[in-house]
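The values are calculated or read from the model by the stated rules, or taken from the named source; none is laboratory data. Nothing here was measured: the structure is a model prediction, and the numbers come from that model. Here the Cβ positions follow ideal geometry from the backbone for every residue, glycine too, while neighbour counts run over all protein chains shown. Heads up: the accessible areas ignore ligands, DNA and RNA and are worked out on the full protein's heavy atoms, side chains in. Shrake-Rupley method; radii C 1.70, N 1.55, O 1.52, S 1.80 Å.
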Amino acid sequence: VDLRHSVETDTSLDIEERERRVFQVCMDEIDSCKPYFLGLVGHRYGWIPSLNDMNPDFYERLALPADFPISKDELSVTVCEFIHSLFNTGKPTEHSFVLMRSADSYSQLGDDARREYFDEGRNGELIDSFRTYLTNSGSAACLMEYSLDLNDIGGNGLQAWCDKIYEA
């Protein structure tokens with residue numbers, strides 16, 4: 001389930017209500033997939049909503065690990081998805097798989113194209129903190145770093161990447 005794409009909402013609703021519904025669909029889909037989780041982490045942090053506005057119940061129940069490096073008011077929807085799946089279970093699930101794209105995946109891109117894949121400023125700091133936490137926390141049963149030639153998405157590189165994931 002790609003949690004951000006193809007989520008339909010009623011266009012007659014205001015933007016805040018549509019965002020609330022998208023957020024709820026994301027959390028509901030994670031629940032429906034449990035105990036399985038496949039998380040992909042690049043170098044973009046994502047949209048930071050007001051969680052209390054999105055879902056006050058979720059915000060109240062949200063139990064961040066004591067050593068989590070990001071405060072509740074700076075959590076992106078993507079980070080909430082990981083928290084909801086990996087951290088609020090009390091222990092890593094044996095069916096959790098996190099793939100982190102390495103920075104060398106972007107080495108063949110020009111500066112303008114590279115900026116499409118990397119956040120800078122505060123969001124850059126937040127994604128770096130999150131990636132470091134995932135690497136060191138032991139929260140996923142399997143954590144794998146991968147490299148993907150973004151200039152060869154339609155070619156053999158993507159199939160090789162899929163094969164590697166399948167083998168893992």
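Here are the numbers for the structure shown:
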| quantity | calculated |
| --- | --- |
| Residue 21-residue 111 pseudo-label distance in nm [points 7 Å out on the Cα-to-Cβ vector] | 4.3 |
| Taking N as its residue count, the alpha carbon Rg of the range 39-134 over 2.2 N^0.38 Å | 1.16 |
| Using alpha carbons only: equivalent-ellipsoid semi-axes of the chain, gyration tensor based, whole Å | 26, 20, 17 |
| Packing-based ranking, highest mean first, of 12-25, 32-45 given that Cβ atoms within 10 Å are counted | 32-45, 12-25 |
| Rounded accessible area per residue of the chain, 1.4 Å, Å² | 58 |
| Residue 104-residue 73 pseudo-label distance in nm [points 7 Å out on the Cα-to-Cβ vector] | 4.1 |
| 0 to 90° range, to nearest 10: angle between helix 156-167 axis and the chain longest Cα axis | 60 |
| Accessible surface of the chain [probe 1.4 Å, protein heavy atoms]: carbon and sulfur percent | 45 |
| Protection proxy ranking of 76-87, 54-65 - average other beta-carbon atoms within 10 Å, highest first | 76-87, 54-65 |
| Computed [θ] at 222 nm, deg cm²/dmol, the chain (DSSP H ≥ 4; -39,500 (n - 2.57); rounded to nearest 500) | -12000 deg cm²/dmol |
| Size-normalised alpha-carbon gyration radius of the range 16-67, reference 2.2 N^0.38 Å | 1.26 |
